[in-house]
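Below is one structure, written out as structure tokens; comments come after it.
The values are calculated or read from the model by the stated rules, or taken from the named source; none is laboratory data. Since the model is a prediction, treat every value here as computed from it, not as a measurement. As a convention, Cβ positions derive from the backbone with ideal geometry for all residues, glycine included, and neighbour counts pool all protein chains shown.
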Amino acid sequence: MQKLQGKVAVITGGNSGIGFAIAQRFVSEGAYVFIMGRRQAQLDEALSVLGENAEAVQGDVTKPDDLARLFETVKTRKGRLDILVPNSGISEYAPLEAISAEHFDHIFGINVRATLFTVQAAVELMSEGGSIVMIGSIAGFIGTAGYGVYGASKAAVRSYSRTWTRELSGKGIRVNTLSPGPIDTPMFDDVSDEVRKTLTALIPLGRLGKPEEVAAAALFLASDESSYITGAELCIDGGMSQV
Ligand code: NDP
């Protein structure tokens, strides 16, 4: 028996990195998956791997019309939603003295504002209950020099999760947070070998994580195997936040 047999899932940012690995894992466990991202070429590439149990809606999660089109498509095609992973997110380096209003608005616009409206729209379609797997970061609770705004945005995601656990449990909707440490995705493409080395030295398991390792945890939280878990946070960080 597949763990997500017959389930309908939305994964924003399902065309790259962690989101793509989650989409692959969910499809392999029997889910039908909708992904959204801005880059059509990446969506096409992802769909060519995901196969016939996935479809893509091209769009920007910060644009209300695009979000509305995504959930309208889910409603028309499947009539309901069981699982949401609001994974679209960005990270940019800016130490305190370099933070501008634009930097703040850009990061918060995607990681905090769009995440809120994605969840709000998704919940309307979770008529039979569901599971929301929020994507936080250990940067939301450990200091990371140069990533103050990013860390604050992920702290907001943790806070959402706790609040929505209280608001949505009555509707049979569970809300949990995955908080990855450094995971080797395109988000790390610009990171120098030197920074990678420094980071790796801070990780007890001695390496960056793989997107598939986050996807394994997402599967657990999305599936009925975690049916009595809500409001929880799971760190996937090789022990980095424990030291
Ligand atoms: P990627 O850069 O590989 O993926 C980011 C995804 O978000 C892409 O699919 C991108 O698609 C999508 N996205 C970004 N902005 C928008 C937007 N405005 N509208 C729609 N989609 C958007 O990075 P990761 O896979 O590493 O990151 C995924 C999540 O994991 C993020 O929330 C990130 O903060 C979190 N995370 C990552 C960690 C890491 O070390 N990699 C650690 C902790 C948390 P497109 O560009 O096509 O729009």
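Select from region 17-30 the residues that are touching a strand residue (DSSP E or B) at 6+ places or on another chain (Cβ under 7 Å) and touching a residue at least 60 places away in the same chain (Cβ under 8 Å) and list them in ascending order.
Within region 17-30, the first condition is being touching a strand residue (DSSP E or B) at 6+ places or on another chain (Cβ under 7 Å), and the residues that meet it are 18-19, 22-23, 26-27.
Once the filter is applied, which keeps residues that are touching a strand residue (DSSP E or B) at 6+ places or on another chain (Cβ under 7 Å) and touching a residue at least 60 places away in the same chain (Cβ under 8 Å), region 17-30 yields ILE18, GLY19, ILE22, PHE26.
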(message) Looking at ILE229, ILE203 in this structure, which one is buried (at least 18 other Cβ atoms within 10 Å of the Cβ) and assigned to a loop (DSSP other than H, G, I, E, B)?
(response) ILE203
(request) Working carefully through the options SER127, SER131, find the one that is surrounded by fewer than 18 Cβ atoms within 10 Å (Cβ to Cβ), more than 30 Å from SER100 (Cα to Cα) and either among the polar types (S, T, N, Q) or within 16 Å of the ligand (Cβ to nearest atom) (or both). (result) SER127
(request) Could you please find all residues in region 134-158 being touching a helix residue (DSSP H, G or I) at 6+ places or on another chain (Cβ under 8 Å) and away from the ligand (no atom under 14 Å from the Cβ)? (result) GLY143, GLY148
(request) Being among the small types (Gly, Ala, Ser) and within 8 Å of the ligand (Cβ to nearest atom) is the filter; apply it to region 171-185 and report the residue that is farthest from ARG158 (Cα to Cα). (result) GLY181
(request) Note down all Cβ pairs under 6 Å where the first residue falls in region 45-71 and is closer than 12 Å to ALA23 by Cα, the second is more than 12 Å from the ligand (Cβ to nearest atom) and among the hydroxyl-bearing types (Ser, Thr, Tyr), and they're at least six residues apart or on different chains. (result) ASN53/TYR32
(message) I'd like to know if region 210-217 contains one or more residues that are surrounded by 12 or more Cβ atoms within 10 Å (Cβ to Cβ), touching a Pro at 6+ places or on another chain (Cβ under 6 Å) and modelled with pLDDT of 95 or more.
(response) yes
(request) Kindly provide the set of residues from region 186-200 that are within 20 Å of GLN242 (Cβ to Cβ), more than 10 Å from the ligand (Cβ to nearest atom) and either exposed (fewer than 15 other Cβ atoms within 10 Å of the Cβ) or not β-branched (Val, Ile, Thr) (or both), ordered by number. (result) THR198
(message) Which residue is nearest to the ligand (Cβ to nearest atom), if the candidates are limited to region 6-15 and must be out of contact with any Leu (no Cβ under 6 Å at 6 or more places or on another chain) and farther than 16 Å from ALA216 by Cα?
(response) GLY13
(request) Restricting attention to region 105-124, report how many residues are touching a residue at least 40 places away in the same chain (Cβ under 8 Å), within 20 Å of ARG174 (Cα to Cα) and surrounded by fewer than 17 Cβ atoms within 10 Å (Cβ to Cβ). (result) 3
(request) Just name the residue that is nearest to the ligand (Cβ to nearest atom) out of those in region 18-45 that are under 24 Å from THR177 (Cα atoms) and small (Gly, Ala, Ser). (result) GLY37
